[in-house]
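Have a look at the structure below, then the notes.
Just so you know, all these numbers are worked out from the coordinates, no wet-lab data involved. Keep in mind it's a predicted model, so treat the numbers as computed, not measured. Reconstructed Cβ throughout: ideal geometry from the backbone, glycine too, with neighbour counts over all protein chains shown.
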Amino acid sequence: MSQRFAFLRGLFPQSLGGQLLAMLLLALAVTQGLGLLLLTDERNRAVRAALGLEAAGRAANVVLLLDDAPTDLRASILRAADSPLVRFTVGPEPEAPHNSSDADVVLRQIRQILGEPEREVRADVHALAVDPFPLPEGMPDAMRPMHEAMMARRTDPIELTLSIRLADGEWLNVRTMFHRPGLQLSSQAVLPLLLMVLAVVLVAWWSARRVIGPMRVLAIGADRLGRGLDTDPLPITGPLEVRETTRAFNQMKDRLTRFVNERTHMLAALSHDLRSPLTAMRLRIEMLEETDDSIRLKTLVEEMQAMVEATLEFARGVAKAEPTATVDLTSLLGDLVNDVGGGRASLAPIEPLLANIRPHALNRALRNLIDNAVRYGGVANVTLTQEPGMAIISIADKGPGLPDDQLETVFEPFVRFESSRSRDTGGVGLGLAIARTIIQAHGGSVVLRNLPEGGLEAVVHLPLGDA
């Protein structure tokens with residue numbers, strides 16, 4: 001059952017405009033279908049009433065003739081009254097067993113013509129469950145096309161049986177049969193429906209465009225903001241709810257921009273304030289006599305200075321708004337691999353792949369990933385593949401890998417692969433944090449995973465953008 005619902009959901013349009021159009025057309029189909037059913041039912045009732053009243057009038061007039069005519073003329077009157085659709089007989093018993101609830105109009109018509117409300121009259125209307133059969137024999141050729149058009153070649157018969165007591169106590173039994181009229185579609189009936197469908201499509205298209213247009217602009221603005229691209233305030237258009245959402249987005253963008261700028265300015269001031277005392281401390285240490293304590297103190301100051309510089313560089317990389325450009329990723333990765341040299345990095349051959357990126361920032365991010373692979377795994381095997389709208393960059397090494405619970409932790413600032421604090425073996429622990437920040441600013445992602453055959457692999461998903 002769930003698979004069936006999933007299949008039906010797959011057929012349903014996914015876009016807002018398609019869903020709006022589908023719902024409006026569905027509502028139109030339901031209302032028009034119900035209206036057609038009611039109209040057909042009323043039409044059937046009208047045709048049945050007309051045919052029944054015609055038979056009732058003929059039956060009442062035959063009764064008047066039979067009551068006034070001699071008994072030996074009854075056969076002639078009945079033969080003259082018979083037709084292919086209506087049969088008249090006289091007998092001692094009524095053939096209509098009872099009065100049907102929908103025969104009141106027929107009964108009133110007969111009593112009105114006879115002028116005798118007390119005369120016993122029975123009328124029974126019921127459907128006949130029979131197979132299709134040809135038109136009655138004896139029907140004039142001129143009437144056949146008219147009858148076939150009216151019945152639309154439907155053979156769903158309704159039988160009307162009338163039993164009227166004659167003056168001498170016998171019963172005049174009248175049987176007539178007609179068909180439920182079929183559904184008859186004409187250009188006059190179809191044209192209004194087509195016009196309504198066209199009107200619904202136009203209204204749905206116009207309404208969806210008023211909503212979808214601003215929402216698409218909002219989605220593009222949010223994507224650009226997520227990539228760190230400078231964007232102008234979005235135009236406030238569309239329905240009230242969309243305008244409120246756009247206004248809230250513009251306010252959020254302004255707050256985020258102010259927050260980033262304030263943090264950048266604060267870090268810039270902190271950089272100036274920290275560099276001066278650290279430089280002074282380093283100069284003082286250089287002037288001291290070289291001892292174990294002075295060497296240790298110098299190392300600590302250098303480490304502090306390196307951490308400050310790396311922290312400031314990390315903050316600048318987050319806040320820096322480098323313009324985007326269309327770059328060949330294959331060429332960019334090839335240059336990075338060549339820079340490593342010594343056979344420690346390789347790039348699988350691939351055709352040129354263009355992407356809209358910030359070249360210097362992405363170069364730095366990928367360089368950090370390749371350097372980490374070489375530093376901890378001895379080698380960096382780089383591959384580049386393409387999916388619809390996405391570039392997949394894989395950087396695999398042959399090192400010992402990492403515990404599964406540390407695959408995400410190492411992306412946090414100042415977290416290092418190895419436990420020593422030596423900058424010669426592990427830096428200050430900001431390489432992966434900077435790489436992920438830059439890649440995420442491009443709208444992409446980077447994850448680490450242990451390979452089954454051993455080693456660690458960094459997988460980068462990078463949108464190609466408008467390249």
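Which ³J(HN,Hα) values in Hz, rounded to whole numbers, follow from the phi angles of region 371-385 under the Karplus curve 6.51 cos²θ - 1.76 cosθ + 1.60, where θ = phi - 60° and Gly and Pro get x?
My calculation for region 371-385 gives 4, 4, 4, 5, 5, 9, x, x, 8, 10, 9, 9, 10, 10, 10 Hz in order.
Below 11 angstrom from the Cβ of residue 454, what's the summed charge of the other residues (Lys, Arg +1; Asp, Glu -1)?
-2
Given 0.36 nm per residue, what is the gain on full extension from residue 385 to residue 112 after removing their alpha carbon distance, in nm? Walk me through the numbers on the way to the answer.
Details: separation 273, 0.36 × 273 = 98.28 nm, distance 9.22 nm.
Gain on extension, residue 385 to residue 112, equals 89.1 nm.
Taking 0.36 nm per residue of separation and subtracting the Cα-Cα distance, what length does fully extending residue 406 through residue 450 add? Please report the intermediate quantities before stating the final value.
Numbers: separation 44, 0.36 × 44 = 15.84 nm, distance 1.09 nm.
Separation in residues times 0.36 nm, less the Cα-Cα distance, equals 14.7 nm.
Using a/c under 1.5 as the rounded threshold, could you call region 323-463 rounded, prolate or oblate? The axes a ≥ b ≥ c are square roots of the C-alpha gyration tensor eigenvalues, and prolate needs a/b larger than b/c, oblate otherwise. Mind dumping the intermediate values first?
Values: a/c = 1.61, a/b = 1.42, b/c = 1.14.
In terms of gyration-tensor shape, prolate.
Using a Förster distance of 56 angstrom, determine the FRET efficiency expected from the C-beta separation of residue 282 and residue 257, and round it to 0.05.
On the way: r = 37 Å, r/R0 = 0.65.
Using R0 = 56 Å, I get an efficiency of 0.95.
How high is the FRET efficiency from residue 303 to residue 339, r the C-beta distance, R0 25 Å, rounded to 0.05? Spell out each step's value before the answer.
Numbers: r = 26 Å, r/R0 = 1.05.
According to the calculation, E is roughly 0.45.
For a quick check: with amide H placed at 1.01 Å from N, whose amide H comes under 5 Å from residue 390's, ignoring anything fewer than 5 positions away on the same chain?
464
Tally Lys and Arg at +1 and Asp and Glu at -1 over the other residues with C-beta under 15 Å from the C-beta of residue 120: what net charge comes out? Walk me through the intermediate numbers first.
Details: positive: 108, 111, 119, 122, 165; negative: 67, 93, 95, 116, 118, 124, 168, 170.
Neighbourhood net charge equals -3.
Neighbouring Cβ atoms within 10 Å as the yardstick, rank 329, 300, 53 fewest first.
On the way: 329 22, 300 12, 53 15.
Arranged by neighbour count, lowest to highest, 329, 300, 53 become 300, 53, 329.
What is the calculated FRET efficiency for residue 95 to residue 32, with r their C-beta to C-beta distance and R₀ = 56 Å, to the nearest 0.05? List each step's numbers first, then the result.
Details: r = 42 Å, r/R0 = 0.76.
FRET efficiency, residue 95 to residue 32: 0.85.
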